[in-house]
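The values are calculated or read from the model by the stated rules, or taken from the named source; none is laboratory data. Every value quoted in this text rests on a predicted model; they were computed, and no experiment measured them. We place every Cβ from the backbone using ideal geometry, glycine too, and count neighbours over all the protein chains shown. All accessible areas refer to the heavy atoms of the entire protein, side chains included, with ligands and DNA or RNA removed. Shrake-Rupley method; radii C 1.70, N 1.55, O 1.52, S 1.80 Å.
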Amino acid sequence: MSRRIGLFGGTFDPIHNGHLRSALEVHEWLGLDELRLIPSARPPHREVPGATAQQRLEMARLAVQHADGLVVDDRELRRERPSYTVDTLESLRTELGDDVALFMVVGWDAFCGLPSWHRWTELLELASIVVLQRPDYDLDAPEVLKDLMAGRSVNDASEATACHGQIVGLTQTPLAISASHIRGLIAENRSPRFLLPGSVLGYIETNGLYQPT
Ligand code: ATP
């Protein structure tokens, strides 16, 4: 069977247990060989005070240090400007070859916005898409995506066997944790402990990140 690799992008400012738990569940459910967390570069005009790209990367690496099957891929930070997803997938394909199953993980909201992504029709030629749905959501996909989904959708991991081109639905209850909440707690001198790995919190404290100004 082909190697199976999951891709989970985000700003990870900072990475937290919501990201990690979700990534682990995707890894297990799809029987992946590895799941790559891919920190994204931020456009210069959206750069906020807080962690630099290098610090976000180091926190992600610390977070997965003892997590089997979760790894960090820094390719988007090595580029000179923010990458389009299609560029990242092309770069992975060039490196890994065609005989690898790639699964790009996106939330339902992001999936519904897919038609506005750069060269979006090419995405499924490069990877399959794993759409995370919340059990309490009962939303309909936009019309333009319904045609795309017909014939490509699978809801059982055992059917997710292609190297690209499938739309795989996975229902998941996300933990109520967000990076902005964590930054807010620290800015108010409150503890974000247990919302993120201790190693990441130690890094934040050592480097004085997200402190009140
Ligand atoms: P912020 O609060 O700064 O917007 P965030 O916590 O949402 O940050 P991102 O780096 O923007 O984190 O998210 C990266 C990916 O992780 C996105 O696909 C997002 O939907 C997902 N994600 C964020 N929080 C959770 C969570 N608690 N559980 C599962 N997935 C999450």
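Here is a yes/no grid of residues against (1) touching a residue at least 24 places away in the same chain (Cβ under 8 Å); (2) open to solvent by 40 Å² or more (accessible area, probe 1.4 Å); (3) more than 11 Å from the ligand (Cβ to nearest atom):
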{"position": "6", "(1), (2), (3)": "yes, no, yes"}
{"position": "12", "(1), (2), (3)": "yes, no, no"}
{"position": "20", "(1), (2), (3)": "yes, no, no"}
{"position": "41", "(1), (2), (3)": "yes, no, yes"}
{"position": "68", "(1), (2), (3)": "no, yes, yes"}
{"position": "78", "(1), (2), (3)": "no, yes, yes"}
{"position": "81", "(1), (2), (3)": "yes, yes, yes"}
{"position": "92", "(1), (2), (3)": "yes, no, yes"}
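Quick test for you: out of 156, 147, pick the one residue that is farther than 15 Å from residue 124 by Cβ and free of Cβ contacts under 8 Å to residues at least 60 places away in the same chain.
Checking each option against the conditions leaves just 156.
Within segment 97-115, can you find the residues that are exposed (fewer than 15 other Cβ atoms within 10 Å of the Cβ) and at pLDDT 95 or above?
Listed by number, the residues that qualify are 97, 98, 99.
Restricting segment 154-163 to residues that are aliphatic (A, V, I, L, M) and modelled with pLDDT of 95 or more, which is surrounded by the most Cβ atoms within 10 Å (Cβ to Cβ)?
So, considering only residues that are aliphatic (A, V, I, L, M) and modelled with pLDDT of 95 or more, the one surrounded by the most Cβ atoms within 10 Å (Cβ to Cβ) is 160.
Of the conditions (1) over 21 Å from residue 70 (Cα atoms); (2) of a type outside the set (Phe, Trp, Tyr); (3) away from the ligand (no atom under 15 Å from the Cβ); (4) outside any loop (DSSP other than H, G, I, E, B), residue 208 clears all except one; give me its number.
So the condition that residue 208 fails would be (4).
What residue, of 168, 130, 100, is in contact (Cβ under 8 Å) with a residue 24 or more places away in the chain, aliphatic (A, V, I, L, M) and touching a Phe, Trp or Tyr at 6+ places or on another chain (Cβ under 6 Å)? It would help to see each step written out before you state the result.
Numbers: 168 fails: touching a Phe, Trp or Tyr at 6+ places or on another chain (Cβ under 6 Å); 100 fails: touching a Phe, Trp or Tyr at 6+ places or on another chain (Cβ under 6 Å).
None of the other options fit; the residue is 130.
Across segment 171-199, what is the total count of residues that are closer than 30 Å to residue 2 by Cβ and in contact (Cβ under 8 Å) with a residue 40 or more places away in the chain?
Residues in segment 171-199 being closer than 30 Å to residue 2 by Cβ and in contact (Cβ under 8 Å) with a residue 40 or more places away in the chain: 2 in total.
Does segment 22-36 hold any residues that are within 15 Å of the ligand (Cβ to nearest atom), in a strand (DSSP E or B) and open to solvent by 10 Å² or more (accessible area, probe 1.4 Å), and which are they?
The answer is 36, and nothing else.
Residues checked against (1) closer than 30 Å to residue 58 by Cβ; (2) surrounded by 13 or more Cβ atoms within 10 Å (Cβ to Cβ):
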position	(1), (2)
118	yes, no
141	no, yes
152	no, yes
165	no, yes
210	yes, yes
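Please determine, by comparing only the residues of segment 172-187 that are small (Gly, Ala, Ser) and assigned to a loop (DSSP other than H, G, I, E, B), which one is most open to solvent (accessible area, probe 1.4 Å).
Going through the qualifying residues, I end up with 176.
When you check residue 86 against the structure, is it within 15 Å of the ligand (Cβ to nearest atom), of a type in the set (Val, Ile, Thr) and under 15 Å from the mean Cα position of the chain (by Cα), yes or no?
It is false that residue 86 is within 15 Å of the ligand (Cβ to nearest atom), of a type in the set (Val, Ile, Thr) and under 15 Å from the mean Cα position of the chain (by Cα).
Can you name the residue in segment 102-154 that is assigned to a helix (DSSP H, G or I) and in contact with a Gly (Cβ under 8 Å, 6 or more places away or on another chain) and, of all such residues, is nearest to residue 166 (Cα to Cα)?
Here the answer is 124.
Would you check if there is a residue in segment 171-190 being away from the ligand (no atom under 13 Å from the Cβ), at pLDDT below 95 and touching a helix residue (DSSP H, G or I) at 6+ places or on another chain (Cβ under 9 Å)?
No.
So, in segment 188-201, exactly how many residues are open to solvent by less than 60 Å² (accessible area, probe 1.4 Å) and either part of a loop (DSSP other than H, G, I, E, B) or acidic (Asp, Glu) (or both)?
4
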